[in-house]
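**Q** Below is the structure I would like to discuss, written out as structure tokens.
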């Protein structure tokens, strides 16, 4: 359970985190010592809510060491050089590795986000996985309403075929709305946010708890749900 804190206490924690960041200290360890049991997600939440940083500007809160990614500050010209290489079909990660970035994959991800925000003209030219297809015009699409199984009678031997109603397509990527990618939704109990770093995380932020956030990978959330169901059964409740 999160520790209740006043607004002044939360601001003091934020200020101490900023001091640690300037000194290259371990922000995650500090937040854990303050009883934030998901320190990585809590630090990301602080950067978003209090420091108003964009996703590509946020750090992971780990202590900085010589050669660490947090110590490599790229200029806009260097970012654009990486973007230009990618547009030309070359590997920008090799260039970033030569600049001293120990995790070129993560650095390239942040550059793409920066380019999307600051240079949308160049972002449109970046290669993507898979081919883009133009959407068919509305008048070319047949309008079919399906409320249940369909009976199709064929003239051949008066056969009757039953065609089941097609299943609703599954959502496997964040919803796209116009030119926006939806990565956060809010429900009755709090906010749910998807973040992709080295793997995919789902962060749950209880709107009543302040800074504390539950952040797990997809396998961890599945294990958590199974454990919750089992715990409820032991307590005599069926979920």
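**Q** Exposure proxy check: 35, 44 ranked by fewest other beta carbons within 10 Å?
**A** Values: 35 11, 44 24.
Least to most surrounded, the residues fall as 35, 44.
**Q** Also: Among 26, 121, what is the fewest-to-most ranking by other Cβ atoms within 10 Å? List each step's numbers first, then the result.
**A** Values: 26 16, 121 7.
Final ranking by Cβ density, sparse to dense: 121, 26.
**Q** To the nearest µm²/s, what D does Stokes-Einstein give for the range 69-123 at 10 °C and 1.306 mPa s, using the Kirkwood radius over alpha carbon pairs as Rh?
**A** Values: Rh = 11.0 Å.
Stokes-Einstein gives a translational diffusion coefficient of 144 µm²/s.
Every number in this text was worked out from the coordinates using simple rules, so none of it is lab data. Since the model is a prediction, treat every value here as computed from it, not as a measurement. Positions of Cβ are generated from backbone atoms using ideal geometry, with glycine treated the same way; all protein chains shown enter the neighbour counts.
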